[in-house]
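What follows is a set of notes on a single structure, which appears directly below.
The values are calculated or read from the model by the stated rules, or taken from the named source; none is laboratory data. All of these numbers come straight from a predicted model, not from anything done at the bench. All Cβ positions, glycine included, derive from the backbone under ideal geometry; neighbour counts span all protein chains shown.
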Amino acid sequence: MIMKRQLIIIAALVLPVFAASAQMPDTAQVLVHYKFTHVRDTTNRANPYTENMALFVGKNTSSYKSYDRQLENQLFKKQMEEQMHNSADGNIRINRKNTGSGTEYFQFPGDNKFVRKEPLLVNTYIIDDAMPAIDWHISNDTASFGELHCQKATCHFKGRDYTAWFCPDLPVHVGPWKLNGLPGVIVEAYDAKKDVVFKFDRVEKALPVAPKPKQQADDHPGMVMVTIGGGDSDTDPNIIQVPAKGIKTTDKEFEKLRDAMRKNPDAFVQSMLASMPNNGGPKPDIRIKVGPQPVINNPIELPGK
């Protein structure tokens, strides 16, 4: 990516803008890390999709998102700051490969509310729903995951038979993805065929991140600050709150937008940038390349029987 003196593109597609919203902000107390595996293509089982994920567990809420993407955003921001400080000609060159999913799942058990955050280029979209209802069957089987003592439960959910292990010592009724409703945090889960696996990796105490001063356009005369995906990497990722500046939409409408972006990404991003403020300068010329879509003949949510 080449950015000249007139433009800085902060291409962080997942870090949300944490501002006031209907729910009061919560702060993660612990992070549960998972090795997520999904056999998307049943004709290629030897190469499943994998991603490092994390469940940020607060006192009353949770946020589940890509830990790979969070680490990448932190590295990208560091590289950007270093080049802005050291660049002699005003040019900034950073090659970036987006890793992991930008989707984030929020669970609010006390309000029976489930929220999905979807970044799409220069905007962030918010999809509200009720917490998925799951009919769990809790057994007397126990096991330890690290230092967590857990109990077994099973259910049929979204077309799959799941086994889950939850920790009653972490009493928030949340879990990875859409899994929820047990009397403790779900630290591992998998379906009967092991096509979808949320494998426990580790648990750690959440450490607050001190916010840094925001980079202002006035610090670099002539530059236009553009945030792609509604991100804000200066905020503490441990704060659990739905972005207030996100655009409310529905599943159906979001799918239409994503299809339009994939068919003509350049036209899509230019139409979005047309309505953005530019501090009186020229509109940035941003070109987006969308690679081939993966083969998915085994989606995580199967049609109900």
Hey, among the residues in segment 188-214 that are surrounded by 17 or more Cβ atoms within 10 Å (Cβ to Cβ) and in a loop (DSSP other than H, G, I, E, B), which one's modelled with the highest pLDDT? 195
Only one of 102, 159 is modelled with pLDDT under 95 and within 30 Å of residue 259 (Cβ to Cβ). Can you tell me which? 102
Quick one: in segment 171-183, of everything that is farther than 22 Å from residue 38 by Cα and surrounded by fewer than 21 Cβ atoms within 10 Å (Cβ to Cβ), which residue is nearest to the chain's Cα centre (by Cα)? 173
Quickly run through segment 24-39 and pick out the residues that are in a loop (DSSP other than H, G, I, E, B) and either among the aliphatic types (A, V, I, L, M) or buried (at least 18 other Cβ atoms within 10 Å of the Cβ) (or both). 24, 28, 39
Would it be correct to say that residue 54 is closer than 18 Å to residue 208 by Cβ, crowded, with 16+ Cβ neighbours inside 10 Å, at pLDDT 65 or above and in contact with a Leu (Cβ under 6 Å, 6 or more places away or on another chain)? yes
Going through 207, 170 one at a time, which residue ends up being more than 19 Å from residue 300 (Cα to Cα) and out of contact with any strand residue (DSSP E or B) (no Cβ under 8 Å at 6 or more places or on another chain)? 207
Residue pairs within 6 Å by beta carbon, gap of at least six or interchain, first lying in segment 157-170 and over 15 Å from residue 146 (Cβ atoms), second β-branched (Val, Ile, Thr) and at pLDDT 95 or above, listed first then second, are 157/134; 163/154; 164/186
Could you check segment 162-184 and list, in sequence order, the residues that are out of contact with any Ser or Thr (no Cβ under 8 Å at 6 or more places or on another chain), outside any loop (DSSP other than H, G, I, E, B) and not aromatic (Phe, Trp, Tyr)? 167
For residues that are assigned to a strand (DSSP E or B) and of a type in the set (S, T, N, Q), scanning just segment 108-124, find the one that is surrounded by the most Cβ atoms within 10 Å (Cβ to Cβ). 124
Can you say whether residue 67 is at pLDDT 95 or above, surrounded by 13 or more Cβ atoms within 10 Å (Cβ to Cβ) and among the hydroxyl-bearing types (Ser, Thr, Tyr), as far as the supplied structure shows? no
In segment 125-156, which residues are surrounded by 13 or more Cβ atoms within 10 Å (Cβ to Cβ), in contact (Cβ under 8 Å) with a residue 24 or more places away in the chain and not hydrophobic (A, V, I, L, M, F, W, C)? 125, 128, 132, 146, 151
On the given criteria, is residue 217 at pLDDT 85 or above and of a type outside the set (S, T, N, Q)? no
